[in-house]
Every structure is written in structure tokens, then in C-alpha cells.
């Protein structure tokens, strides 16, 4: 139910969603060389003189030690989140206009949260399709932790601060190399000529400084923090890759899930079901349509149980509702023989030619019950127990069939 209080005050106003919370969190990491690295990343991104090819080449050249080049990591993260807000993360053909919106993305993500449990019987998170699997970067996933470990950004900042506080000469040299590259990029003008060689020189200087700092972190107490930079960067990259994969194909994924529900609903129609089983080329769908009627017959609400611990009581209840056990007195030979003739395991052809005692004996023989040197009363008792247990086993089997037919697989 929607909360109405305050709703009218929202009319005419927009939520103005943004990735500002993520940007603020990213800004806390900009310490020491990371500030300079981020400035270079921004300078490359905003430059209007360098071609796209030149920018990409430059980014590749200075990304030789990716866990040191954190400006690129953080810049890509912010740009990724911005593409979700403006919905440009959803691809469209080159000749078509962008029509997706952030609201549409939110609605699609919500749709998936309901479709997956319906089709798979598990939560969306079990399929890596939770809200945070689509929008975690915007939901401050890197500033929070679901276990005792430190959040990604907290751990990142700890290692960055440790390295900066150490006042390593290689870290200082890297800052200088970043400044030189940034200043050159910002100084490039439209009528500049033959600047590529100089650009390459500054880029090489940054790449060399990356290597030097990385080498300086090769031993403790720095190695632990170097490894942490690698680990936290990987977590960011994995999250961004997951969101990209989920969001770029979200509409198609929803269509597939929705179609599956529609096809299964059409299977209620016997003629359509036969048609679909004929034209379907996928083996799983063929089996679903072909077995549909049998599985449907196995569904019965009286056999629905919550847990295995309830199974025995359900069996007792179903037996009672069915009027079973219908024979309890083993000395009533006529009643026992009559029950034997209703047992589907026993071939009772021509039983009317036999006496009651003979019917009981022959029934025992068919069920593998030893008859030698036993009185008819003993045989009757064993036979009755066998048949009553069979009634119980049959109810248990139907319970299992109902559960199987009602289990998503």
C-alpha cells in the first residue's frame, strides 16, 4: 500500500536522482598520489583536442600497473554509475534514440525480483539478480559490509593512507609524473601540432613511476597494503562487470522469464499443449509439455505438507479421510480376503473358485509372504499388516509425487 502522506507535495517535482553519494565516497579516497591520478583521469576525459583513439591509447599506456593507477579505477566507477542514472548503460541501435530511463531500470529490476522466485523457487540474489547485483554501486555497496570485514572503500583508504604516510620517494615521484602529464594535457590547444611524441614521453614517465612505486611496495610492511589495493580494485571491477552484464541485457532477460510463464500458462489448454510439444525443439520444454498431464494429476492439495516432520501426521489424516484402515481384525478371514481382492498388487483372476482360506494363501504367495508351516490365522495377520502398510506407503508415494510436481526444477 502506497503512503499517501506528503504525496501531493511531490507533484510537479522530480526526485533528481544522481550518483552524488558515490562521488562523495570516492572523494574520500583521493589522498596522495590518488588525487593526482584522478586529476589525470579527469584531464583525459574532459580534453576536447585529443581524439578518442589518442585518449584510449594514453589510458592504456598509463594503466600498466592497474592497482596503482587508481584514478582510472575510480573514474570508471563514477562514469559507470552515471550511465545508470541517465540510462545510457542500456544499449540502443545506432540509428535509434535513447528511450530507456532510470525509472524504467528501477521498474525492471523490481520485476526481476518477483519473476525469479516464481520461476526458479529461489531468491533473486541466488541468481545474482538482487537489487544490489544491478544497482549496488549506487546503493553505497562499497561503503557498507554484510559481514565482519571492512567495507571496500574503508579498506582501500587504510592502505592508501599507509602508503602515503610512509613518504616513499617513489610515491612522490609518481605525483610529479602525474602533474607533468596533466599539465601537458590541459595545455594542448586546437592548433597544436606534433605533440604526440611529447605526450608519449609524459605517459612513459607515468608508467615508469607506476612500476617504481609498485616495486617499492614489494616487501612488508607495504606488501600487505599493495595486495589489499589489488583485492579491493578487483571487488570494484567484479561489481561493475556484474551490473553491466545484468543491466545491458535486463529487458531481454525479463522477456525470457515472462515468456516462460506465458508458455506454462498456455499448457493448461490440452490442444495447445500438444501443439507446443510438437513444435518445441528444446528437450526440456518437450518434456514439460509431454509430462504436464501426468504431473498435474499428481497435484492434490490434501497432500501438501510444509516439512518432512509433518509427513507422518498427513499420512494418518489422509488414511482416515479415505476410510483406511478398512480392515483391522485379522481373524475376520472374509474381510481380509475381500481386501486382498482390492489390492492392485494381487492378481485375483478366478479367485471366486477358491475358498477364503485359499484366497488368503494365494495372496500371500503373490506378495512373497512365507506360507509353509503357518496357520491360516497367522497368514491372515501377516497379509493384513502387509496390505495396511501398502496403503500407507501408497499415500506416502502420492505425497512425494505431489511435492515433485509442485517443485520448481
Please build a GNM for the chain, connecting alpha carbons under 10 Å apart, and tell me which residue among 353, 79, 233 fluctuates the most.
353
Rg/Rg_globular for the stretch 82-218, with Rg_globular taken as 2.2 N^0.38 Å and Rg from C-alpha atoms:
1.59
Once the mean of 1/r over all distinct C-alpha pairs in the stretch 148-220 is inverted, the Kirkwood radius in Å reads 14.3 Å
Over the chain, consider all pairs of different Cα atoms and compute the Kirkwood hydrodynamic radius from their mean reciprocal separation; express it in Å, one decimal.
28.6 Å
Stretch gain in nm, segment residue 312-residue 144, where the contour uses 0.36 nm per residue and the Cα spacing is subtracted
55.9 nm
Let's test the formula: R0 of 22 Å, r as the Cβ-Cβ distance of residue 55 and residue 198. What FRET efficiency results, to the nearest 0.05?
0.90
For the stretch 20-251 the translational diffusion coefficient, Stokes-Einstein from a Kirkwood Rh over Cα pairs at 10 °C and viscosity 1.306 mPa s, in µm²/s, is roughly 82 µm²/s
If you line up the long axis of helix 33-46 against the longest principal axis of the chain, both from Cα atoms, how many degrees apart are they, to the nearest 10?
90 degrees
For 50, 379, what's the fewest-to-most ordering of other Cβ within 10 Å of each Cβ?
50, 379
Which angle from 0 to 90°, rounded to the nearest 10, does the C-alpha axis of helix 333-342 make with the longest principal axis of the chain?
50 degrees
Considering the Cα positions of the stretch 308-405, please state its Rg to one decimal place and its Dmax as a whole number of Å.
14.9, 46
Kindly put 33, 285 in sequence by how many other C-beta atoms sit within 10 Å of each C-beta, fewest to most.
285, 33
Assuming R0 = 41 Å, what is the FRET efficiency of residue 27 and residue 261, from their Cβ-Cβ distance, to the nearest 0.05?
0.35
For 210, 80, ascending order of other Cβ atoms within 10 Å (fewest first) is 80, 210
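Taken together, the values in this text are just the output of simple stated rules run on the coordinates, not laboratory data. All figures in this text were calculated on a predicted structure; none of them were measured in a lab. Using ideal geometry, Cβ is built from the backbone for each residue, glycine included, and neighbour counts are taken over all protein chains shown.
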